[in-house]
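To keep things clear, I will list the structure first and then write my remarks on it.
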Amino acid sequence: MNRRKNTAAIFAERARVVGQQAFDAGQYVLKLHAPRCAAAAAPGQFIHLRCAADLPLRRPYSILSADAAGGEVEMLYKVVGEGSRRLAACRAGDELDSLGPIGNAFAPSPERPNLLLVGGGVGIPPILFLAARAREDAAANYTPLVLMGSEIPFPFDVTDSSLPFAGVANGTRATMAALERRGIAARLASGRGFAGCYRGHVGGLARQWLDAAPPEQLAATAMFACGPAPMLQDIARIAAQFSLPCQVALEETMACGVGGCAGCSVAVRDDNGGIAMKRVCVDGPVFNARAVFG
């Protein structure tokens, strides 16, 4: 699991809508039958969808899960414009033009098996995908610890956790029910005062855990994050403070999604301190946090 995917296997296929689940605040989990994408997808990659036949530009959506055996992929999205509004109107049996999976993937290493996974808002999907894949990788013996933040209701069923999460205050007990059932420790953060959540940004919750971790635990920990740029910048600072490796999946507006237009380019530092413009779609979306945020 410690090898990143490249962009060699990008499949164009007619993805059939299996179903959608609606959550508060215009959030949806969309399930598609897209077997070629499902067979190749890895955490951190995304799928590029044409939301309607008369909308020429595709929309990028991070992959939430991929079931190679069933040929299905899931993604979480929020209705913010015409494309996502039309996507929300899709019903089971509808077909969507898709490209995927696109981009590189998170690359954990067995040398640091404690994976502190941080997701914010619509950046939650690749974090959940990575947690699931890490748990399945028995040979690497990964321990995923998931922290998620949102300023709107969470797009999944929330429950109180009975799984220990050392270093986190006892009053912070809210978790994702699906992770709890799989035995993956997780905690939620929000400034909105949701019951059982850490009150504040998810970066503050990550810092709380890291402050309490003994040196030997920190030496075995790596951070992975996806979310809005201010959150990722905060996570990058925290990782640097604790001398932890950190990978971030960037969120960026994309037109072509396959590297042709370069409209999603960001400045990235190389190993020699120079700066190069990299395309989030194909050079990313996963980057070393220090290379992007210094």
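Per-residue answers, yes or no, for (1) under 20 Å from the mean Cα position of the chain (by Cα); (2) charged (D, E, K, R):
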| position | (1), (2) |
| --- | --- |
| 162 | no, no |
| 167 | no, no |
| 173 | no, yes |
| 178 | yes, no |
| 182 | yes, yes |
| 185 | yes, no |
| 189 | yes, no |
| 199 | no, yes |
| 203 | yes, no |
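For the stretch 118-144, give me each residue that is part of a strand (DSSP E or B) and surrounded by 22 or more Cβ atoms within 10 Å (Cβ to Cβ).
From the stretch 118-144, those part of a strand (DSSP E or B) are 118-120, 143-144; that's our starting set.
Of everything in the stretch 118-144, those that are part of a strand (DSSP E or B) and surrounded by 22 or more Cβ atoms within 10 Å (Cβ to Cβ) turn out to be 118, 119, 120, 144.
Looking across the stretch 232-264, just one residue is surrounded by fewer than 21 Cβ atoms within 10 Å (Cβ to Cβ) and acidic (Asp, Glu), and that is 252. From the residues in the stretch 272-294 that are assigned to a loop (DSSP other than H, G, I, E, B) and among the aliphatic types (A, V, I, L, M), which one is modelled with the highest pLDDT? Looking at the filtered set, the residue picked out is 280. Residue 229 satisfies every condition listed in (1) under 16 Å from residue 294 (Cβ atoms); (2) touching a strand residue (DSSP E or B) at 6+ places or on another chain (Cβ under 9 Å); (3) surrounded by fewer than 16 Cβ atoms within 10 Å (Cβ to Cβ); (4) hydrophobic (A, V, I, L, M, F, W, C) except (2). Only residues that are modelled with pLDDT of 90 or more and among the hydroxyl-bearing types (Ser, Thr, Tyr): list them for the stretch 252-271, please. Scanning the stretch 252-271 gives a single hit, 265.
Within the option set 267, 222, being surrounded by fewer than 22 Cβ atoms within 10 Å (Cβ to Cβ) and under 19 Å from residue 112 (Cα atoms) holds for one residue only, 222.
What number of residues within the stretch 141-163 satisfy the criterion of being acidic (Asp, Glu) and farther than 20 Å from residue 120 by Cβ?
Residues of the stretch 141-163 acidic (Asp, Glu): 151, 157, 160.
So of that shortlist, the ones also farther than 20 Å from residue 120 by Cβ come out as 160.
Number satisfying all stated conditions: 1.
Can residue 140 be described as outside the structural domain of residue 256 (by TED's automatic domain parsing), out of contact with any strand residue (DSSP E or B) (no Cβ under 9 Å at 6 or more places or on another chain) and touching a residue at least 60 places away in the same chain (Cβ under 8 Å)? Criteria met by residue 140. Residues in the stretch 25-71 that are aliphatic (A, V, I, L, M), part of a loop (DSSP other than H, G, I, E, B) and either in contact with a Gly (Cβ under 6 Å, 6 or more places away or on another chain) or surrounded by fewer than 24 Cβ atoms within 10 Å (Cβ to Cβ) (or both): 25, 42, 52, 53, 55, 57, 68, 69. Within the stretch 72-109, being assigned to a loop (DSSP other than H, G, I, E, B), in the same structural domain as residue 31 (by TED's automatic domain parsing) and surrounded by fewer than 18 Cβ atoms within 10 Å (Cβ to Cβ) holds for 79, 80, 81, 89, 91, 92, 93, 94.
The values are calculated or read from the model by the stated rules, or taken from the named source; none is laboratory data. In this text the structure is predicted, and so the values were computed from the model without any measurement. Virtual Cβ from ideal backbone geometry, glycine too; neighbours counted across all protein chains shown.
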